[in-house]
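The values are calculated or read from the model by the stated rules, or taken from the named source; none is laboratory data. A quick note: this is a predicted structure, and the numbers were derived from the prediction, not measured. Neighbour counts are summed over all protein chains in view; Cβ atoms, including those assigned to glycine, are modelled from backbone coordinates with ideal geometry.
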Amino acid sequence: MPTGFFTDTTLCIGCKACEVACKQWNQLPSDGYNFTGMSYDNTVQLDASTWRHVAFVERPAPVSEQPVNSFSWLMLSDVCKHCNRAGCLENCPTGAIIRTEFDSVFVQPDICNGCGYCVVGCPFGVIDRNPTDGLAWKCTLCYDRQKAHMEPACAKACPTDSIQFGEIADLRTKAAARIEQLHGQGVSAAYLYGADEASQPGTEGLNAFFLLVDRPETYNLPPNPVAPAKRAGPSWASMAVTSLGLLAAAFGAVASVRGGRR
Amino acid sequence: MAECHPVGFQWVMEAKRRGAKIIHVDPRFTRTSAVADLHVPIRAGSDIAFLGGIVRHILETGRYFHDYVVTFTNAPAIITDEFRDTEDLDGLFSGWDSDKNQYDPKSWAYEGVEPGQSGTTHEQSTGEPLSERAQMQHKHRDETLQHPRCVFQILKRHYSRYTPEMVEETCGVPQDLFLQVAETLIQNSGRERTSAFCYAVGWTQHSVGAQYIRTATIIQQLLGNMGRPGGGILALRGHASIQGSTDIPTLYNLLPGYLAMPKAKKDVNFAKYLENNHAKGGWWTEFPKYIVSLLKAWYGEHATRENDWCYDYLPLLTGDHSHMTTYAAMADGLVKGYFIVGENPVVGSMNGGFQRAAMRKLEWLVVRDFQLIETAEFWKSSPENERGEVSSEDVQTEVFFFPAAAHTEKDGTFTNTQRLLQWHHQAVEPPGDCRSDLDFVYDLGQRLKALYLSSNDPKDLAIQNLTWDAKTSDDVLREINGWTVADRAPVEGYTKLKDDGSTACGCWIYSGCYKDGVNQTARRKPASEQDWVAAEWAWSWPMNRRILYNRASADAEGRPWSDRKRYVWWDDAHHKWTGFDVPDIIADRPPSYRPAEDANGLDTIGGTDAFMMNADGKSWIFAPKGLQDGPLPTHYEPQESVMRNPIYGQQCDPSRMEWRRRENPYHKAWADPAYPYLITTYRLTEHHTAGGMSRWLQWLAELQPEMFCEVSPEIAAEKGLHNGGWATISTARAVIEARVLVTERIKPLRIRGRLLHQIGLPYHWGSKGLVRGDSANELIAFVGDPNVSIQESKAFTANIEPGRRGRGRGPIAGTQEGESGQWRDQPPARFKKPGKHGVVTARNISGEET
Amino acid sequence: MSATGITYYDRPVLKEPVWIWTVPAYIFVGGVAGAAMTLGLAVELIGGSRLRAFDERCRWIGAVGGGIGSALLIADLGRKSRFFAMLRVLRPSSPMSIGSWVLATATPLSAGSALLTLQRDGVLRAAGQLAGASAGILGMPLATYTAVLLGNSAVPLWLITRNTMPLLFGASSAASLGSVFDLMRLNREEQSIATRFQLVGRVAELAAAEAVERQACSNERVGRPLREGVSGAIWQAAKVLNVASLVLTIMPGNSKMRRRIAGVCGILGGIAVRFAIFHAGKASTRDPRATFEQQR
């Protein structure tokens, strides 16, 4: 039964309980102590040792159609998208990255040999290689907790239910209802990001999808992410043509010399 | 609230989901503002003007909840004709004694009521002013609210000049925004709808802090929001169990359950104590039962009627023992030793430099904490040590550090901001030498008892006769609940307590938490299995009542104000009160009951006396007694402000506490040219108070790794500050440095055509831990609210310059040698004498008798 | 909200490739090895007995190149001890999986065939020839798959040039092989074959480089690293070196020195092409606007 996250950014209060719960459950190391000056975001990005990251965007524009405040502070808890077409999984040569019974994308740390091909395969810039142990790491959608019939640590910790966990079909229904509610309240900018294949054909939909109120770029999300293998066809074709060209050149070179000397 | 109470804030989000409007008033646009419907930027320190403006608007437009006001508040009460308002005396009330620098509240009393001996003068701040309120029943009322000296008319006159224009000038809130708030609030109050206020230390930590809350209560009384579902005022406390620490107090001036601490010279024996705290009417008439039961709990079989229940063992207050007063006394060498348990005052309290100087005079110091916090290492890790002014070899204090167990390593309860006691179970054993505070104190008591065992000195009976067998948290909770002495059976609540020595109870308001021998605080029935009041989740005091004063949710006849807001009501058929919650009125007291002239005790509580903790059973819009700085909240500027008080000549709260000493220099009262910016301090979600629980934890430390200041782009341009760069902030007390975060969230306010800049400082950092930084509170002076001696950390002045601070020796910028206060341009406020700490020295503060 | 220029504090969206210098080095070495195997196939099938030594030389270049290449790749792994996991599965969607299998089979096949052709005749020799032929077939993907590998990613520059890069890498492999031969002592016949093979490769390489650059710069921001910075400089250097190699090769005359210099230029040029593409790709991941604009 496919499960995943629906992260509703209009409910996020930027408390970062998700970041801490994730780190604590997975015993991940800290990423260093650096003041970035990027609003309240000192974590900066998802990487091998940060699997939930809260982004903060201050903007001189209101959220809703009734601009009582001409200012808004957008917050988003970013996470691995567990794409239906996952670039990292399709690139992984060792088969370390698998699709679990929950439809999540999971890196088996005892198989990964740190080749780094998943890193360039992810159009969201999520997965990364840990320089200390050389392996690739990312959100597991709390595979271990799910196996024990528990919800992921971040969803459990989130006090406002901005992070909702459940069966994808249910989440999609809830998300659609929420969009309708927000539109009714004058938040016409609200939309779903990656909720299904139709709206994000490049990944064929995400198992961790979002409700946003601004363009994806504002949150450092790609506007049109594509799993690389989906459009690799022409590249392979080009390789085939080149191969034949190599062969022709080789035979041509030999034949022309041999032929002259017969 | 989202920043400091994210878990509690989920209920605000739930309310929002159901259509509630969220209004956020704060100098900064915070994470709360991000999800609020309306953010109102306000000048830090001007909330009374804002709230007073709302009061005026309600009265002006006549949209107060008339029936509620007449039935449940003292609005109809008539005040003595000696009363003079701030409108008459340019910011002072009648009764100001400029020699003693305090008020005599005689002229605030109800007409025809003698204030009583305990109410005339007070040498000490008293916290829950039982003695002050106990006598106040009003005899003369005008239910038409027209009498010129009735509270309602006095109120109207008092706030008559708090117009929208005045609000804009004082608070920097544009008039249309202010009116939008007022209208939203008014339209959402009344029979069919209620509104709630939530506040935290942004209101309390001012030299006039208690009055901020008072103004909110006046609004809520006028709008009929108290005691009603969805209404009320939620006081968000500073941490998980600070409500518990006032209920079973760690405060010097209270006994458990807000009983008055006896005072030397006044409560010289038990009879006097009872007399001085005797209530003429209302629920406090039950008070003797609570004090006797408390003494029985403490002294067991030794406490008998013959020896006044061992009352004479209790220590008596000789003065003000509040935090800042004690530290000032410490600096004068009057305190020998000190326990600091679970706090970090050199970071979290004011003027750290002064506090450390004081601690260097201690002979011994005991610190209990998880980490070696800055206070534990004040003798070697401090700005003074760093600058080379103090060397650790010169500090004579003997410091004992005891590692403490965390809340997951011990059983116990938290009492949260809703008066909810929730038991938490020990999950793991404390590591190494860590032990809980209970273990420590229990062990300490055992050893003290052993030491004093063989003494024949009568004063040592106080230790020898103390019952000391509550070893586990469960034991303690049972004692708090109380039992009948004969069989140790738990009492079911405070209504079963007696004043004849047959019951013992550690804290009367908590009585019932172990009802039927079941730990009620450990109940965890999920909300999905209960009704919307969910009374079977944990236990709230008193008596598991969830909304206090809920009698006010029904009208004079006991019918709910509306069907939509029904909560408790009178069931005539069964002759009792009933409803969704435990009714906050005597169960079988009909709404029509009126007490006889000569009624005593609980018979004095009438059927419409919802606010029975006041002697007159009414909520007090006008407080004839109990507050040191006036019966009605008045806008005063903070001790250090950027402007003159626009409303009155009286600049600051006249009764505030000051400490005029070399170590505690004050800036000019307004527009000090050396310190032109208004500063406010606050918390961040990622850290916890003075940092002991977060700066040592990597996963929290990395979220906010460095001390920073928040400045507007306008100040940044003016002063040359760069986002991500450094700034130095200075006051006469200290100089600190911080990283710079330039943000539009802390907009300058337009007041009288000029831009008023505010700068924000989180206060979590100190010299130790995984992440370190300068402490914001070093900048702030000792100034105190007169009622509860709380510090003023939310509005003060400072200067800011780009770049890092210097590191070398030398005087701190701004400190001046010589006479303290010579540059302060206001007359000194009252200096409260510290209580004696049992130390006899050659120096006395004054030759005064105690 | 304005459409252009919105980023999250100028932070990159994507993760920079974690690969080190051994990867572009492998692309070069592997390319040469693959081209050698392919040439060896042609030599074996139609070269005749006089070119047997040349055949063997090709196979050795293939085997040694494959060996060095494997070592270079293993050096880049995060967990080197688990290099064998590359052959744990065959994942067709992953060019790296395909390529690992190609490299892992072609290299021993090439080595085996080189050894076995010491045998004059018999079963072993037949086996050696079969091995050599197989390696020859595998040599073609070996020389070209790395371009597909790079293009099968989110890296903006590689993604945008994914259709022209295989041409570039394949052609460059042939040209680089020729340049390697320029540093060896060959007889006239062998020399001719090598030179013709090289020239076809070199011309194709220069044309393909143009095509790659044009495709990259169809989006100004994405193509910027090929025009600016360190990667831009290396790309320019590659052009210069390859043109020099071409000119020196087609100049009349038999000077050994000229041959050597042409060879060195060609080898450096081939290496430079790989490194330029590699670093330009990395640089393009650092620019969030490149990613956003490419997708919009």
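Within region A:99-128, the residues that satisfy the criterion of being surrounded by fewer than 24 Cβ atoms within 10 Å (Cβ to Cβ), at the interface with chain C (Cβ under 10 Å from one of its Cβ atoms) and either in a strand (DSSP E or B) or β-branched (Val, Ile, Thr) (or both) are A:Ile111, A:Asp128. A:Val241 falls short on exactly one of the conditions (1) part of a helix (DSSP H, G or I); (2) within 20 Å of the chain's Cα centre (by Cα); (3) β-branched (Val, Ile, Thr); (4) more than 7 Å from chain C (Cβ to nearest Cβ), and that condition is (2). Scanning region B:512-558 for residues that are in a helix (DSSP H, G or I) and hydrophobic (A, V, I, L, M, F, W, C) yields a count of 3. Among the conditions (1) at pLDDT 95 or above; (2) more than 10 Å from chain C (Cβ to nearest Cβ); (3) more than 21 Å from A:Trp25 (Cβ to Cβ), the only one that A:Asn69 does not satisfy is (1).
Select from region B:455-506 the residues that are small (Gly, Ala, Ser) and over 19 Å from B:Ser540 (Cβ atoms) and list them in ascending order.
Scanning region B:455-506 gives B:Ser455, B:Ala462, B:Ala470, B:Ala486, B:Ala489, B:Gly501, B:Ser502, B:Ala504.
Kindly evaluate A:Thr36 against the criterion of being crowded, with 24+ Cβ neighbours inside 10 Å and either of a type in the set (Val, Ile, Thr) or at the interface with chain B (Cβ under 8 Å from one of its Cβ atoms) (or both). Criteria not met by A:Thr36. Of all residues assigned to region B:12-26, none qualifies as being surrounded by 24 or more Cβ atoms within 10 Å (Cβ to Cβ), assigned to a loop (DSSP other than H, G, I, E, B) and of a type outside the set (Lys, Arg). Consider C:Gln119 carefully, then state whether it is in a helix (DSSP H, G or I) and surrounded by fewer than 19 Cβ atoms within 10 Å (Cβ to Cβ). Taking the combined requirement at face value, the residue does not satisfy it. Is there a residue being at positive phi, touching an Asp or Glu at 6+ places or on another chain (Cβ under 9 Å) and either among the aliphatic types (A, V, I, L, M) or modelled with pLDDT of 95 or more (or both) anywhere in region A:142-149? Checking region A:142-149: at least one residue is at positive phi, touching an Asp or Glu at 6+ places or on another chain (Cβ under 9 Å) and either among the aliphatic types (A, V, I, L, M) or modelled with pLDDT of 95 or more (or both). With respect to (1) within 30 Å of A:Cys92 (Cα to Cα); (2) in a helix (DSSP H, G or I); (3) within 12 Å of another protein chain (Cβ to nearest Cβ), the lone exception for A:Ala248 is condition (1).
Out of all the residues in region C:58-68, is one or more within 12 Å of chain A (Cβ to nearest Cβ) and over 14 Å from the mean Cα position of the chain (by Cα)? Yes.
Being surrounded by fewer than 22 Cβ atoms within 10 Å (Cβ to Cβ), of a type in the set (S, T, N, Q), modelled with pLDDT under 80 and not assigned by TED's automatic domain parsing to the domain that holds B:Lys263 is the requirement here; does B:Gln102 meet it?
In short, no.
Got at least one residue in region B:691-701 being modelled with pLDDT under 95 and more than 14 Å from chain A (Cβ to nearest Cβ)? Yes, there is a match, as at least one residue in region B:691-701 is modelled with pLDDT under 95 and more than 14 Å from chain A (Cβ to nearest Cβ). You will find that of B:Asp460, B:Asp500, B:Asp487, the residue that is surrounded by fewer than 18 Cβ atoms within 10 Å (Cβ to Cβ), out of contact with any strand residue (DSSP E or B) (no Cβ under 7 Å at 6 or more places or on another chain) and assigned to a helix (DSSP H, G or I) is B:Asp460 and no other.
Could you tell me which of the residues C:Lys256, C:Lys239 is modelled with pLDDT of 95 or more and among the charged types (D, E, K, R)?
Working: C:Lys256 fails: modelled with pLDDT of 95 or more.
Step by step, each of C:Lys256, C:Lys239 is checked, and only C:Lys239 is modelled with pLDDT of 95 or more and among the charged types (D, E, K, R).
Scanning region C:10-68 for residues that are under 27 Å from C:Arg286 (Cβ atoms) and among the charged types (D, E, K, R) yields a count of 4.
Conditions (1) crowded, with 20+ Cβ neighbours inside 10 Å; (2) within 21 Å of B:Gly506 (Cα to Cα); (3) in contact with a Lys or Arg (Cβ under 8 Å, 6 or more places away or on another chain), marked per residue:
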position: B:Gly257; (1), (2), (3): yes, yes, no
position: B:Leu274; (1), (2), (3): no, yes, no
position: B:Trp309; (1), (2), (3): yes, yes, yes
position: B:Lys336; (1), (2), (3): no, no, no
position: B:Val346; (1), (2), (3): yes, no, yes
position: B:Arg368; (1), (2), (3): yes, no, no
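The conditions of being more than 29 Å from the chain's Cα centre (by Cα) and either modelled with pLDDT under 95 or not in a loop (DSSP other than H, G, I, E, B) (or both) are met by B:Pro595. Can you pull out the residues in region B:221-234 that are touching a strand residue (DSSP E or B) at 6+ places or on another chain (Cβ under 7 Å), closer than 18 Å to B:Arg546 by Cα and crowded, with 24+ Cβ neighbours inside 10 Å? B:Met226, the sole residue that qualifies.
Whether any residue in region A:243-256 is of a type in the set (Ser, Thr, Tyr), in contact with a Gly (Cβ under 6 Å, 6 or more places away or on another chain) and not assigned by TED's automatic domain parsing to the domain that holds A:Pro62 is what I want to check. Within region A:243-256 (the criterion being of a type in the set (Ser, Thr, Tyr), in contact with a Gly (Cβ under 6 Å, 6 or more places away or on another chain) and not assigned by TED's automatic domain parsing to the domain that holds A:Pro62), the answer is no, since none of the residues qualifies.
The set of residues from region A:151-168 being touching a residue at least 24 places away in the same chain (Cβ under 8 Å) and surrounded by fewer than 21 Cβ atoms within 10 Å (Cβ to Cβ) comprises A:Lys156, A:Pro159, A:Asp161, A:Gln164, A:Gly166, A:Glu167. Would you mind stating whether B:Gly649 is touching an Asp or Glu at 6+ places or on another chain (Cβ under 9 Å), part of a loop (DSSP other than H, G, I, E, B), crowded, with 24+ Cβ neighbours inside 10 Å and more than 14 Å from every other protein chain (Cβ to nearest Cβ)? No; evaluated as a whole, the condition is false for this residue. When B:Gly773, B:Gly720, B:Gly769, B:Gly760 are checked against the criterion of being among the small types (Gly, Ala, Ser), within 14 Å of another protein chain (Cβ to nearest Cβ), touching a strand residue (DSSP E or B) at 6+ places or on another chain (Cβ under 6 Å) and in contact (Cβ under 8 Å) with a residue 40 or more places away in the chain, B:Gly760 stands alone in meeting it.
Scanning region B:259-272 for residues that are surrounded by fewer than 20 Cβ atoms within 10 Å (Cβ to Cβ) and not in a loop (DSSP other than H, G, I, E, B) yields a total of 2.
For region B:285-395, the helices (runs of 4 or more DSSP H) that sit wholly inside it and include 3 or more residues that are closer than 20 Å to B:Tyr763 by Cα and either more than 23 Å from the chain's Cα centre (by Cα) or hydrophobic (A, V, I, L, M, F, W, C) (or both) are B:352-359, B:383-386.
From the list C:Ser173, C:Ser192, C:Ser153, pick out the single residue that is at the interface with another protein chain (Cβ under 8 Å from one of its Cβ atoms), farther than 17 Å from A:Ser243 by Cα, of a type in the set (S, T, N, Q) and crowded, with 21+ Cβ neighbours inside 10 Å.
C:Ser153
Look at (1) facing chain A (nearest Cβ under 10 Å); (2) over 14 Å from the mean Cα position of the chain (by Cα) and you find that C:Ser113 fails only one, number (1).
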